[in-house]
Structure formats: C-alpha cells, structure tokens
Amino acid sequence: MTIAHEEAVIDAIFAEARTANTFSGEVTDEQARAIYELTKYGPTAFNSQPLRVTYVRSDEARAKLVDHLSRGNQAKTASAPLVAILSYDTDWHGQWDKFLPAYGAPKAMYDGDAELAAATGNNNAHLQAGYFILAVRSLGFAAGPMTGADFAAIDAEFFPGGDQKSFLIVNIGQPGPDAWGEAKPKFAYDDVVRTV
C-alpha cells in the first residue's frame, strides 16, 4: 500500500468523513453483512462482543422506528437505504463459553452483579458501535449515527422480551444531495490531551 493510498483511506474513515444527513443508493445484504464482519474484529473487554445489530429494511418496521425518532431525524431515516438499530445483549455474559471458553473465572462476577453486567455490556457495545461506524465508512458508505430517539419505546417495539437495550440508530448509504452541513469545529490536541 502506498502512502498516498494510506492517506486516502485515513481521509475516508477519519479526516474527511462526516455525518451524512441525506442518503441515496443501495446497501445490499452482502454489504450489510460485510459491515458486521469488520465490526467484530474490534477489541472488547474479555472478548465479550455484546453489540447486537438489527437492520431495518421492511416498510412496516421502518415506519415503527421512525415514529420513535425525534422530528429532525425522521425524514432522513425514512429515506436511508439501510438503517441499523444498535443495542446490547442484556445477557451477554450468559454466552461466556462462546466468546472466552478458556477463561471462565470472571463470569461469576457478572452473574452476581446485574448492575455491573449491564454497565459492562453497555460500555463495550458503545465501543463496538464506534467500530461499526468505521466499518461503514471503510466500505465506502456514509454513516448517520443518531441518539435523538425514544429508546425505551424502540425497545418495547423491537425487543419486547427485554433481551436487548438499544442506544444508537445509524443510517447507512451513499451520501445524498446536500448531505453535509457546515463542518463543525473539533477540539485541538492541546485542548484535550495531557501527558503525565
């Protein structure tokens, strides 16, 4: 890989990437699978992988989801080629033998502390959500992550058994017309980094 190519990749994933507000094109089932196949390689505590992805494709499911979004998020979600509900598995530690079979000792800590289990699942799923967004971008799509939603209502609609807790909606597709607003300022290195 040449330096110029590396710079183009970095720009596509980080430096030039922005949250899209309009979308076009198509995201195939194969491409949707590829997003997850990249996401899964990001590290999590104990290899826990609590993130769950619900792709919303049907008109009926899309309408239900849109009803639970803030007004400013409804139109772009209604028209995005693909929408993902990101959630965490509330019983992620119940699958310990699948994700870390050689080291089961810490499982009892989570089995005995529901609050710790929920916090760990939530924190690591958020970490995976970052990988998910980078995976979307790395495959040439734009991502529109949103938290403007009634997640309790989304959970009641899509996860009524309480087995998942949603926390992020991500619109996915090619950027549509006027997809980008004004670039927003980012903090400088010296504003947020210190060395001790």
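The values are calculated or read from the model by the stated rules, or taken from the named source; none is laboratory data. Nothing here was measured: the structure is a model prediction, and the numbers come from that model. Neighbour counts are summed over all protein chains in view; Cβ atoms, including those assigned to glycine, are modelled from backbone coordinates with ideal geometry. Surface accessibility is based on the protein's heavy atoms, side chains included, excluding ligands, DNA and RNA. Shrake-Rupley method; radii C 1.70, N 1.55, O 1.52, S 1.80 Å.
Annotations for the structure displayed:
- Where helices (runs of 4 or more DSSP H) fall entirely within the stretch 50-145, none has at least 2 residues that are at pLDDT below 95 and either crowded, with 16+ Cβ neighbours inside 10 Å or out of contact with any Cys (no Cβ under 7 Å at 6 or more places or on another chain) (or both).
Yes or no, residue by residue, for (1) in contact with a His (Cβ under 9 Å, 6 or more places away or on another chain); (2) over 22 Å from Leu65 (Cβ atoms):
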| position | (1), (2) |
| --- | --- |
| His93 | no, yes |
| Ala108 | no, yes |
| Asp111 | yes, yes |
| Ala114 | no, yes |
| Asn124 | no, yes |
| Ile133 | no, no |
| Ala142 | no, no |
| Phe151 | yes, no |
| Gly161 | no, no |
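- Among the candidates Lys76, Lys107, Lys165, residue that is basic (Lys, Arg), touching an Asp or Glu at 6+ places or on another chain (Cβ under 7 Å) and in contact (Cβ under 8 Å) with a residue 12 or more places away in the chain: Lys165
- Which numbered condition Arg71 misses (of (1) under 30 Å from Glu115 (Cα atoms); (2) free of Cβ contacts under 8 Å to residues at least 40 places away in the same chain): (1)
- Selection over the stretch 14-44 of residues that are open to solvent by 40 Å² or more (accessible area, probe 1.4 Å) and of a type in the set (A, V, I, L, M) gives a count of 2.
- The listed residues are Val66, Val56, and the only one of them that is touching a Lys or Arg at 6+ places or on another chain (Cβ under 8 Å), closer than 25 Å to Ile172 by Cα and free of Cβ contacts under 8 Å to residues at least 40 places away in the same chain turns out to be Val56.
- Qualifying positions in the stretch 146-168 - hydrophobic (A, V, I, L, M, F, W, C) and either outside any strand (DSSP E or B) or within 24 Å of Ser24 (Cβ to Cβ) (or both): Met146, Ala149, Phe151, Ala152, Ala153, Ile154, Ala156, Phe158, Phe159, Leu168
- When restricted to residues that are open to solvent by 80 Å² or more (accessible area, probe 1.4 Å), modelled with pLDDT of 95 or more and aromatic (Phe, Trp, Tyr), the stretch 162-196 contains 2.
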